[in-house]
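In what follows, a structure is listed as structure tokens, so that the remarks can point back to it.
Please treat every number below as a calculation from the coordinates, not as lab data. Source: prediction; values computed, not measured. Don't worry about glycine lacking a Cβ; one is built from the backbone with ideal geometry, like all the others, and counts go over all protein chains shown.
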Amino acid sequence: MTRTLLIAAASAAVLMLSPAAFAQQKSQFGTAEEAKAMLMKAVAAVKADKGKALDMFAKGEGGFLDRDLYPFCFSLSDGKVLPFANPNGRPLFGQDERTLKDAKGFAFGQAFWEAAQKPEGQITEVSYVFPKPGADPTPVNKTAFITKAGELGCGVGYYK
């Protein structure tokens, strides 16, 4: 009888706690709030040690690749796109940011460039289409938060 009572109590506890545990799990995709928080973390990393930060961004290390969220940066001196963790972005590495257009013809690179010309700490939202990390190269709707970080323009976007 005691054993049955213990099993029933344990089962009830599991059932009661399961919805709470499930509700705390991250969704499959990053949110706008999470993207903005990652951007702030990326800017702090760039200011602390630019070389180390860019290496972590390229490798997706140090929390700089979370599901479909990752930081990306470009040089403000020449516009060159620096490596970042989305493998679908590799063809962009080294290109002039200002020349980049999305699959719909929107000059998102120029919009990023203009956003990064604003004073440090000012964040601009730019919406465009871009492939999610992974094997499927199909562009999907995305919004990026862009800001200036020293000699770089940096951003983190989230997919809609």
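Structural remarks
- Beyond 18 Å in Cα-Cα separation lie the following of the pairs K104/K132; K47/K160; K118/K148; K52/K142; K104/K142; K47/K148: K47/K160; K52/K142.
- Prolate/oblate/rounded label for the range 30-159 (Cα gyration tensor, a/c 1.5): rounded
- For the peptides 29-41, 63-75, the ranking by packing is 63-75, 29-41, with the highest mean count of neighbouring Cβ atoms within 10 Å listed first.
- Residues F108, F57 arranged by fewest to most Cβ contacts within 10 Å: F108, F57
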